[in-house]
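Accompanying notes for the structure given below.
The values are calculated or read from the model by the stated rules, or taken from the named source; none is laboratory data. All of these numbers come straight from a predicted model, not from anything done at the bench. Don't worry about glycine lacking a Cβ; one is built from the backbone with ideal geometry, like all the others, and counts go over all protein chains shown. Ligands, DNA and RNA are excluded from the accessible area calculation, which covers all protein heavy atoms including side chains. Shrake-Rupley method; radii C 1.70, N 1.55, O 1.52, S 1.80 Å.
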Amino acid sequence: MMGNRTMRILFLAAIFAAFGFGGGTARAEGDATSGQKLFGQRCAFCHSIAAAERKPLGPELAGVFGRKAASIADYKYSPAFAALTVTWDDKSLDEFLVAPAKLAPGTPMAIGVPQAADREDLIAYLKSVK
Ligand code: HEC
């Protein structure tokens, strides 16, 4: 039988492996403050984060996390985008942001976010804008 100490070491090893400590790559959560900066640089030109403000080029994103894609009733989405059935969560936003046109061919949102850490930060920020 394994002793208590062995169990504890195995348990810690599993946690270290799961979170990638030492590797320095995986992070548990994105950083919303950094995400806000990135949003200002790359997204705010087309997107407002206020529910009552519409920018000419894209739908407002207040409360977008947890919402069904393309669900702002008076916004005219592209046909491929309007046909999406996803609900925006960590996974679907990540998949969309890495390559928007892959999820929605023909979308006017042409530029993705190639860096995984940037996407995590942006998603953390989007979660925070209610
Ligand atoms: C050139 C303008 C433009 C830029 C820049 C842009 N977007 Fe978009 N975005 C759009 C448009 C237009 C749509 C609607 C897509 C469609 O109709 O195909 C959209 C849709 C979205 C949606 C889904 C909204 C919904 O109602 O389902 C999210 C989330 C989103 N964008 C996030 C971002 C983020 C984050 C960035 C910055 C990294 C960004 N966008 C940059 C134009 C842009």
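Here 83, 32, 69, 99 are screened, and the one residue that is near the ligand (Cβ under 8 Å from one of its atoms), of a type outside the set (Val, Ile, Thr) and modelled with pLDDT of 95 or more is 69. What about residue 120, is it under 19 Å from residue 36 (Cβ atoms) and in contact with a Gly (Cβ under 6 Å, 6 or more places away or on another chain)? Judged against the criteria, residue 120 is a match. Hey, any hits in the stretch 63-73 for a residue that's touching a helix residue (DSSP H, G or I) at 6+ places or on another chain (Cβ under 8 Å) and open to solvent by 50 Å² or more (accessible area, probe 1.4 Å)? Yes, there is a match, as at least one residue in the stretch 63-73 is touching a helix residue (DSSP H, G or I) at 6+ places or on another chain (Cβ under 8 Å) and open to solvent by 50 Å² or more (accessible area, probe 1.4 Å). Of all the criteria given as (1) more than 7 Å from the ligand (Cβ to nearest atom); (2) in contact with a Gly (Cβ under 9 Å, 6 or more places away or on another chain); (3) under 15 Å from residue 35 (Cβ atoms), the one not satisfied by residue 88 is (1).
A single entry from 35, 30, 40 fulfils the requirement of being under 13 Å from the mean Cα position of the chain (by Cα) and in a helix (DSSP H, G or I): 35.
Applying a threshold of 6 Å to beta carbon distances and a minimum spacing of six or more residues, or different chains, the list of pairs starting in the stretch 108-130 at a residue that is at negative phi and ending at one that is near the ligand (Cβ under 8 Å from one of its atoms) and among the aromatic types (Phe, Trp, Tyr) reads 125/39.
Scanning the stretch 47-66 for residues that are more than 8 Å from the ligand (Cβ to nearest atom) and not charged (D, E, K, R) yields a total of 10.
Residues in the stretch 105-129 that are closer than 15 Å to residue 64 by Cα and either modelled with pLDDT under 95 or near the ligand (Cβ under 7 Å from one of its atoms) (or both): 122, 126.
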